[in-house]
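Everything below concerns the one structure shown next.
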Amino acid sequence: MLSQIFAQLGSSFWWIILAFVVIAIIKAFKPFIKGKVGEFAVALHVKLYLKDPQYILLNDCTLPDEQAGTTQIDHILLSPYGIFIIETKNYKGWIFGSERQKMWTQKIFKNSYKFQNPLHQNYKHQKVLEQVLSDIITPEYLHSIVVFMPDCEFKTEMPANVFRGTAWVDYVKNFKEDVIPAMKLKRIQLRIEKEVLDKSWKTNRIHVENLKQRQERS
């Protein structure tokens, strides 16, 4: 009788340990998963609303950066009408921020969280890409876009080039003039694919370490 009780207790104990481990793993990877959900949504927008085969979407592009070590661009959308550098933010709650503010604020109920101005973040991405493509295309054809998911609500005026949900697609569709010939567009794609670091846990780890070092210096 006692042996059965201890066996049941032992079995329950290991299930509790397993549950704690699973919860810890989910918490550790939650920001990563959350970010990937937002990136998947933008990729889906392209598939649904930018069906023209001339649009080419490159996802999760980690590029070498002489100053910061690496920079990670969520999406690069190639088209004859321009190159669009897209930063995705999968945030909920209220968002407060202006074009020039260094830090923006996310508010969920009574809790407030600071995060880097995504326009400034994407400006750095754009500058790195400009350097990568400097001998192929001029900076005037590179355009920055920040996409928030529709779960959030802006409580300050939404800056230019910042969008919620699928609104960014209409902005892209406003570019209708062919400014990049097909052969040059192919060169751009091949150059980016050549420079992009391999998609791996090692690359992600290196990028995270670079981010930590930049935060410590700032």
Handout entry: Distance between modelled label sites at Phe154 and Gln101, nm, 7 Å Cα→Cβ extension
Key = 1.2
Handout entry: Per-peptide average of other Cβ atoms within 10 Å, ordering 77-86, 171-180 highest first
Key = 77-86, 171-180
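Each reported figure results from applying straightforward, stated rules to the coordinates on display, with no laboratory input. Just so it is clear, the structure is predicted and the values come from calculations on it, not from any experiment. So basically every Cβ, Gly included, is an ideal-geometry build from the backbone, and we count neighbours across all protein chains shown.
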